[in-house]
Amino acid sequence: MLRSPSRIVRSWITAALVGSVLVGCGSSAEPASEKAAAAGPKTDVNVEPIKATRTLTDTGGLKVSLEKEPERVVCLFALCDDILTELGIVPTATNSALLAHPDFLGEQEAKKVDVIPGGFIAPEVEAILSHKPDLVIGLEDTHGKLAPALKGATTFWPMQPETWQDSVGYLRDVAALTGRTAEGEKAEKAFRTKLAEAEKNKSDKAALIIYGSDENFGVATPETDVGASLFPKIADYPWKSRGVEGSYSLEEILAADVDVLFVETLSFGEADGKLSEKLAKNPLWGKIPAVKNGDVHEVNSEVWAKGRGTRSLGIVLDEATAALR
């Protein structure tokens, strides 16, 4: 059983999971009324017009101002790459592998985008500034510490998405500041339409997303994970965040009676095997209904865990709804 000494944002774990500390998620059998509340209101497919601007208060409440439309954007986390791709913009540099996915730029085109050394947790400031960026977009709880070093040299925009609605909001914000309003509206419309369709055909199966590199695995929760925030709309998701320190185990997953498992294998350094294959060494693994029925799906962690944007979430919806039929 994994014990968590502190609450750690999953985005950090996504980038640097070393099989140690994971946070505060726990199983919960929700009554029908709570399940309905978790799913929220039906998805509205209507899209409000986006107005181009140089100054706005973003979806997280932060004021962002630019002197001109940014031409050179450096991405420090994958939501940035996702949003720019939706808007038809190629980042000047990135530290994400998302662009190599065939539904983004693809491997060959992605190779043309420079990579910021230092990785997700510690991107090198000198390397960032060497690209003379008009705008640098990072994850607030990880890259906020870079703000003093970037101040005066470029505009730094820290984002903090926690739900799919946040991701849509940030898409709209970037579309407004880059003048790509039509592209932003189109991307939002496509995503909302796909989500609404999946919602109409909601599965009665119980689904769960787990992630990690070894037996010290985590469970994605709708309250703390952008991808998982979709699941109450498309399936029964019998797991929610405790909001405090906690622990979890295969015993808890077994008790949740999960029909379909989605597995995100995350590695720090070279990959050394799939998480599902490692968990299979535990005799409890084979007792989980999803495992017994052959409904365990290893998914692309770059998209499912890191992407967070409307294009990534669209892929998640496609793959999840196919598995849940």
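The orientation-averaged projection of the convex hull spanning the C-alpha atoms of the chain amounts to 15.8 square nanometres.
Each peptide in 72-79, 199-206 gets a packing score, the mean of other Cβ atoms within 10 Å over its residues, and the list from highest to lowest is 72-79, 199-206. Full extension of the chain segment joining residue 53 with residue 182 gains 45.1 nm, where the gain is 0.36 nm per residue of separation less the Cα-Cα distance. For the residues 144, 212, 152, a GNM of the chain with alpha-carbon springs under 10 Å puts the largest fluctuation on 152.
Estimated from helical segments only, the mean residue ellipticity of the chain at 222 nm is -9000 deg cm²/dmol, where each DSSP H run of four or more residues counts as -39500 (n - 2.57).
Distance between the modelled labels on residue 90 and residue 127, one decimal in nanometres: 2.0 nm (7 Å Cα→Cβ projection).
Here's the list of lysines a cross-link from residue 132 could span, going by alpha-carbon distance under 29 Å and ignoring same-chain residues fewer than 8 apart: 51, 63, 68, 111, 112, 145, 151, 306. Phi angles across region 283-299 convert, under the Karplus curve 6.51 cos²θ - 1.76 cosθ + 1.60 with θ = phi - 60°, into 3J(HN,Hα) values of x, 5, 4, x, 8, 5, x, 4, 6, 4, 8, x, 10, 10, 10, 6, 10 Hz, Gly and Pro given as x. At full extension, residue 46 and residue 325 could sit 97.8 nm farther apart than now, given 0.36 nm per residue minus the alpha carbon distance. Estimated from the Cβ-Cβ distance and a Förster radius of 35 angstrom, the FRET efficiency linking residue 280 and residue 202 is about 0.75.
Qualifying trypsin sites (Lys or Arg not before Pro) in region 100-170, where qualification requires a DSSP coil assignment and no more than 10 other C-beta atoms within 10 Å, comprise 112, 151. For residue 192, the solvent-accessible surface with a 1.4 Å probe is about 40 Å², rounded to the nearest 10. Surface exposure of region 178-325, expressed per residue as accessible area with a 1.4 Å probe, stands at 40 Å². D for region 81-164, whole µm²/s, Stokes-Einstein with Kirkwood Rh over alpha-carbon pairs at 20 °C and 1.002 mPa s: what number? Translational D for this selection: 159 µm²/s. At full extension, residue 287 and residue 69 could sit 73.0 nm farther apart than now, given 0.36 nm per residue minus the alpha carbon distance. In order along region 310-323, the phi-based Karplus estimate (6.51 cos²θ - 1.76 cosθ + 1.60, θ = phi - 60°) of 3J(HN,Hα) comes to 5, 6, 4, 5, x, 5, 4, 4, 4, 6, 5, 5, 5, 6 Hz; Gly and Pro are listed as x.
The values are calculated or read from the model by the stated rules, or taken from the named source; none is laboratory data. In this text the structure is predicted, and so the values were computed from the model without any measurement. Heads up, the Cβs are rebuilt from the backbone with ideal geometry, glycines too, and the neighbour counts pull from every protein chain shown. To get the accessible areas, we keep the full protein, side chains included, count just its heavy atoms, and leave off ligands, DNA and RNA. Shrake-Rupley method; radii C 1.70, N 1.55, O 1.52, S 1.80 Å.
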